[in-house]
Amino acid sequence: MPSKNMLPKGQRRHTVKPEYRAQRDAEPEAPPVIPVLEMEDDAEEHLHVFTAAVEAKGLRLDQYLAQTIPDISRSRVQLLIENGQVRVNGQTAKPKLKIEGGEQIEIDGAPHPPPLNAFAEDIPLTILYEDKQLAVIDKPAGMMVHAGSGATDDARNHGTLVNALLHHFRKLSNVGGDLRPGIVHRLDKQTSGIIVVAKDDSTHRKLSEMFAARELEKTYLALVHGRLSKENITIKLPIGRDLVRRMRMTTRRSADSEGVRAAVSHVKVLERIHSETYGDFTLVEVKIETGRTHQIRVHLQAMGHPVVGDTLYGAPHQVGQGGLRLSLDRNFLHAARLSFVHPKTGKELTVESELPPELVGYLETTRAD
């Protein structure tokens, strides 16, 4: 006796291949953009109440909160939920609760933990220039400038530039707060090179004003994938946070969107390299008028030429063919020169930093092929 689940006669040779092929060739549906909430940790009352976005329908509660609250980790979200500090429609909730959209969500307490106090560590430090008011440091790649405000354990408060500065200098400015003594500006963790620090509050404020007024000339060296055709390019693309991949910045948001800021980078070609084994590269010098987060990396990626080693912005993990492979476990981006008028003496000060050995080695390998 035929099964009741069998297709009727005449349809048993029916194939789903055409439908499968049509679906296979179709472009995947773009994920919904989750609106970002801005929350102040220093508010007098730490009860945050908001309505769940309709775009979040189907997401777990912990997924949604990690995407909608800037700079908060999913582990921090889960800790808040486990402590009963998150309520949905007045009821304590579990991390796996599915969002429908429109629920009232309450977070009782600061979404981010209070910052840790910085402390001194005996870490080697390369000092390029120093006087009574300031110091210029050559930061290695892989070193964070300071612990993030969301750091929740001692492990993330070790090994930073601030830890090393506190050991090497008796006094630093406190304008940036207890977690960032002396820090006037920053470099990305995987970017090496020059960073200036202030020893007193007056120097810190003057340097900050100079950065804001674009009175310091910052020059970077970068190796990018591909061949840039023009010798000189000025990139004027505003930059804001990527609303889908929140660890990234992007140039694809509207200039008048919240959090999107103007950014200007001047790119000059220094050398074009063609390698039969590893591909095409261009060594460039970049001067920036503004100091947006990931600015050089985002601008070069927007041109279709990501920085070598910068897998966050589309660079391959390795290049080469056959048995020859070449990889870099950091970004090929180096703050090579800083020029400014000393805020105390009024004299022009220019400090330079040579390319680190790992970048020199990568460059020579591509040239030698």
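Side notes on the structure shown:
- Pair list, Cβ < 8 Å and 6+ apart or interchain, from the range 66-91 residues that are more than 12 Å from Asp108 (Cα to Cα) to residues that are among the acidic types (Asp, Glu) and outside any helix (DSSP H, G or I): Pro70/Glu38; Asn89/Glu103
- If the condition is being basic (Lys, Arg) and either assigned to a loop (DSSP other than H, G, I, E, B) or in contact with a Gly (Cβ under 7 Å, 6 or more places away or on another chain) (or both), then the range 214-227 contributes Arg214, Arg227.
- Cβ-Cβ contacts under 9 Å between residues 6 or more apart (or on different chains), taken from a first residue in the range 162-186 that is crowded, with 22+ Cβ neighbours inside 10 Å and hydroxyl-bearing (Ser, Thr, Tyr) to a second residue that is modelled with pLDDT of 90 or more and part of a loop (DSSP other than H, G, I, E, B), are listed as Ser173/Pro181; Ser173/Gly182; Ser173/Val184; Ser173/Lys199; Ser173/Asp200.
- Residue in the range 216-223 that is more than 14 Å from Gln301 (Cβ to Cβ) and among the hydrophobic types (A, V, I, L, M, F, W, C) present: yes
- Residues that are more than 14 Å from Phe211 (Cβ to Cβ) and within 25 Å of the chain's Cα centre (by Cα), drawn from the range 335-355: Ala336, Arg337, Glu352, Ser353, Glu354, Leu355
- In the range 340-364, the residues that are closer than 27 Å to Ala302 by Cβ and in a helix (DSSP H, G or I): Glu358, Leu359, Tyr362, Leu363
- Test: residue in the range 327-339 that is in a strand (DSSP E or B) and either surrounded by fewer than 17 Cβ atoms within 10 Å (Cβ to Cβ) or in contact with a His (Cβ under 7 Å, 6 or more places away or on another chain) (or both): yes
- Sole exception among (1) modelled with pLDDT of 95 or more; (2) under 21 Å from the mean Cα position of the chain (by Cα); (3) part of a helix (DSSP H, G or I) for Phe211, by number: (1)
- Selection from the range 180-197 of residues that are in contact with an Asp or Glu (Cβ under 7 Å, 6 or more places away or on another chain) and polar (S, T, N, Q): none
- Answer residue from the range 313-326, given it is among the hydrophobic types (A, V, I, L, M, F, W, C) and surrounded by fewer than 19 Cβ atoms within 10 Å (Cβ to Cβ) and is nearest to Ala222 (Cα to Cα) among those: Leu326
Rundown of residues vs (1) touching a Pro at 6+ places or on another chain (Cβ under 7 Å); (2) farther than 13 Å from Tyr362 by Cα, yes/no style:
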site: Arg297; (1), (2): no, yes
site: Leu300; (1), (2): yes, yes
site: Met303; (1), (2): no, yes
site: Pro306; (1), (2): no, yes
site: Asp310; (1), (2): no, yes
site: Pro316; (1), (2): no, yes
site: Val319; (1), (2): no, no
site: Asn331; (1), (2): no, no
site: Lys344; (1), (2): no, yes
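- When the range 203-227 is limited to residues that are more than 15 Å from Arg186 (Cα to Cα) and among the β-branched types (Val, Ile, Thr), the one that is surrounded by the most Cβ atoms within 10 Å (Cβ to Cβ) turns out to be Val224.
The values are calculated or read from the model by the stated rules, or taken from the named source; none is laboratory data. This is a predicted model, so every value here is computed, not measured. Glycine gets a Cβ as well: all are built from the backbone with ideal geometry, and neighbour counts include every protein chain shown.
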